[in-house]
Structure formats: C-alpha cells, structure tokens
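The values are calculated or read from the model by the stated rules, or taken from the named source; none is laboratory data. This one's a predicted model, so the numbers in the text were calculated from it and none came from an experiment. Heads up, the Cβs are rebuilt from the backbone with ideal geometry, glycines too, and the neighbour counts pull from every protein chain shown. To get the accessible areas, we keep the full protein, side chains included, count just its heavy atoms, and leave off ligands, DNA and RNA. Shrake-Rupley method; radii C 1.70, N 1.55, O 1.52, S 1.80 Å.
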Amino acid sequence: MPCVIKPVTGCWGTMNKHAKIYVAGHRGLVGSALVRALTTKGYSRLVTRTRQELDLTEQAAVEHFFKTERPDVVIDAAARVGGIHANSAYPAEFIRDNLSMQTHLVDSAYRSGVKKFVFLGSSCIYPKHAPQPLKEDYLLTGPLEPTNEWYAVAKIAGIKLCQAYRRQYGFDAISLMPTNLYGSGDNFSLENSHVLPALIRKFHEAKWAGAKSVTVWGTGTPRREFLHVDDLAEAVVFLMENYSAEDIINVGVGEDISIRELAETIREIVGFEGDLVFDPEKPDGTPRKLLDVSKLHSLGWRARIPLRQGIEETYRWFLAHQNEFRR
Ligand SMILES: NC(=O)C1=CN([C@@H]2O[C@H](COP(=O)(O)OP(=O)(O)OC[C@H]3O[C@@H](n4cnc5c(N)ncnc54)[C@H](OP(=O)(O)O)[C@@H]3O)[C@@H](O)[C@H]2O)C=CC1
Ligand SMILES: C[C@H]1O[C@H](OP(=O)(O)OP(=O)(O)OC[C@H]2O[C@@H](n3cnc4c(=O)[nH]c(N)nc43)[C@H](O)[C@@H]2O)[C@@H](O)[C@@H](O)C1=O
C-alpha cells in the first residue's frame, strides 16, 4: 500500500496546535523527548499520567481515562523496555505487559473517538538473519532473535492490532519502528539498560575508581544503529502530522557501528584510560540491525544529530543527573 502524505491542517482538523494529545509513558526516554518536541512545536494541550495515576495494564482504568479525558491524538511511548539482559531475564513480563498496555490503549482510543494513534514498535521485530539494511517488507519473513523474541512478538502484535483496527474500523493508527535509541533521560541501570547508557556508566565509574579495565558484554562484533531520542521525537511528530497508512515505517539513521567501536568512542568521551575486556560468555544478540530508512527519507525526514555529539550530550546529562536515576 502506498505512503499517504496528508497536510497538518485542512480536512483532518485534529492535527492543529490545539489538538489534545495524550503522551503515554511521558516520563520515559522517548515520552519525555516527545513532550519536549511537541511543546517546542507549539502543541499546547498535552495530557500525561504517571504509572501511579494510570496503570495501563488495568483495562477498566484505561477505559475510564479515555471516557473522561477524550484526547484527540495518542502517542504510545509506554512499554516495558530493556536491554539484552532484561529481555532474556523477564520474558513473561515483557510479553504480558506489552500485549496488555497496547491492547488497552488501542481499543479504548478507538472506542472514545481518538482521531490519530501512533504506535512505537522496534527494529527487533525483524528476523534475526534478515538481509541488511532491514526493509519494512522483511517483517514476518523468518525466525526472531531468541534474546528478545517475547518483546518482539508483543510488538508485532501491536503492529497487527493497529492494522486490524484500521482495516475493520477505519481507525487512523500508524506504526513506527525506531532503531536503538539513546539520549537524555535514558535508563543507566548496569544490568537492565541498553548498551550505550550502560557503557557510559561503566566507563565513568571505572574512571573514578581508578579501575584498570571495563568489561564489555559479548564479542564486540555485533553492529547496532543508534538514533538520538530528540531526533526520534521529531520524526514521530513529523509522521503524526504527515503519515496515514497501515504500512510500518522504519525510523533510524541509516548507519551502524560495531559494539567495539561504540565502546572505544565512549571510553574516549568519558576519558577512561584503561583497557576494554570482552566477555564472550554474555550474549551478542542479533549480529546486525541496520534499518533501511529510504521510505522515511522519501517522506522528507532525516536524522540530524551525529552519534559522537549525541553521546557527548548524553554524558553531560548523566553527569548532571547521576544521583537521581529512575532505576
Ligand atoms: N529505548 C530504545 O532503545 C527503544 C525504544 N523503543 C520503544 O519506544 C517506546 C518507549 O521506550 P523508552 O522510552 O525507551 O522506555 P522507558 O522505559 O524509558 O519508558 C517507558 C515508559 O512507559 C511507562 N510504563 C511502563 N509500564 C507502565 C504501566 N504499566 N502503566 C503506565 N505506564 C507504564 C513507564 O513509566 P514509569 O516511568 O513509571 O516506569 C515509562 O514512562 C517503547 O514502545 C519502546 O518499545 C523502540 C526502539 C528502541
Ligand atoms: C532496542 C533493542 O534493545 C535490545 O536489543 P540489543 O540491541 O541487543 O540490546 P542492548 O543494547 O542491550 O545490547 C546491544 C549489544 O551490546 C552488547 N553489550 C556490551 N556491553 C553491554 C552492556 O554493558 N549492557 C548491555 N545492555 N549490552 C552490552 C550486548 O551484548 C549486545 O551485543 C533488545 O531489548 C530489543 O528488544 C530492542 O528493541
């Protein structure tokens, strides 16, 4: 099905700057960047709820929220998220919570008359050994990476949910597939975070402890693509305003680096002078996960924050917030 570009204003009417936009998961890495991006773009009616105020795994609470708040637009940045270890260690929570939250959100949004729903998947929905770069068409063409198949299956179900509600009910739900993200507000847990924040913290702590080496999980050979979360948020707002179709869209940079190169870059930025030690007992995960972003480029959007600059900014954020991490 072809891409559909629609104008911000005009027949839609909902995407004017007074549209009431519910950002689910607004305290997370992505949600907080979305709040910044939407505010900068002049969207003045943002609705947010903490997990304590609205637990999205509670169907009745979600239904009640939509009936009373009646947002025009929903951006779903709420999910159970984590790095390679968390995905392997908590498979039941990753599949259960993600299936539950997204189902409640999509269904209640449709039933309460939401005009636009933006769902966020992930590049891990593609088969482990799919050709690179990963085109949107490769979805469901082969087996998944075992370390994150539970999360990936939930995300694939989320895509299908959006497509089904569009086909049967004409619900304008779109699904975007971000690559690995990083930036201000990330999770810096040593066990459960993604590689980039984990390595920032490991190198920083090793530097201050005067350690001789830092251990990097796996062989260092897997390749990953990293998109700054402020770029991602801009892309999400752009697609919310301009895209309406059932086909998924990759959101990335179009370039990747090896974990060894990433570790060397972070070591340099942090100023750690010791060695890198690779631990091959830890899983490598997918060998490569580079998105084909030609569809996104053809719609008129490109990432702008270079990786080194983004890591430097993220390290400054880490230094300013290291005593107040969320977990
Ligand atoms: N980070 C990444 O590299 C990537 C992320 N994505 C996708 O982007 C989206 C956002 O991820 P990210 O910002 O990194 O994740 P975070 O973990 O930083 O944020 C997730 C948010 O979801 C909220 N949440 C979790 N469970 C519940 C619940 N039961 N009820 C209400 N709120 C809940 C969290 O609330 P609380 O603050 O209370 O914990 C938090 O605000 C997800 O869909 C993820 O799959 C896609 C590709 C890569
Ligand atoms: C966004 C994406 O994120 C996850 O997939 P992933 O890309 O494999 O995740 P990751 O960032 O945790 O690891 C990337 C690579 O880096 C290596 N690595 C080295 N040292 C550390 C380290 O210290 N911590 C971590 N976490 N990884 C390390 C690690 O061994 C692996 O080879 C999925 O949850 C998936 O569901 C998903 O969507």
Q.
Of all residues being within 12 Å of ligand 1 (Cβ to nearest atom) and assigned to a helix (DSSP H, G or I) in the stretch 72-98, which is most open to solvent (accessible area, probe 1.4 Å)? Just the residue, please.
A. R96
Q.
Between Y165, Y126, Y151, which is farther than 30 Å from A19 by Cα and in contact with a strand residue (DSSP E or B) (Cβ under 6 Å, 6 or more places away or on another chain)?
A. Y126
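Pick from F278, F272, F318: which is under 20 Å from R223 (Cβ atoms) and of a type outside the set (V, I, T)?
On the way: F272 fails: under 20 Å from R223 (Cβ atoms); F318 fails: under 20 Å from R223 (Cβ atoms).
Matching residue, one of F278, F272, F318: F278.
Mind telling me which of the residues V277, V253 ends up being touching a Phe, Trp or Tyr at 6+ places or on another chain (Cβ under 9 Å) and not in a helix (DSSP H, G or I)?
Working: V277 fails: touching a Phe, Trp or Tyr at 6+ places or on another chain (Cβ under 9 Å).
Testing whether each residue is touching a Phe, Trp or Tyr at 6+ places or on another chain (Cβ under 9 Å) and not in a helix (DSSP H, G or I) leaves just V253.
Residues E225, E234: which one is crowded, with 18+ Cβ neighbours inside 10 Å, touching an Asp or Glu at 6+ places or on another chain (Cβ under 8 Å) and modelled with pLDDT of 95 or more?
Numbers: E234 fails: touching an Asp or Glu at 6+ places or on another chain (Cβ under 8 Å).
Going through E225, E234 in turn, the sole match is E225.
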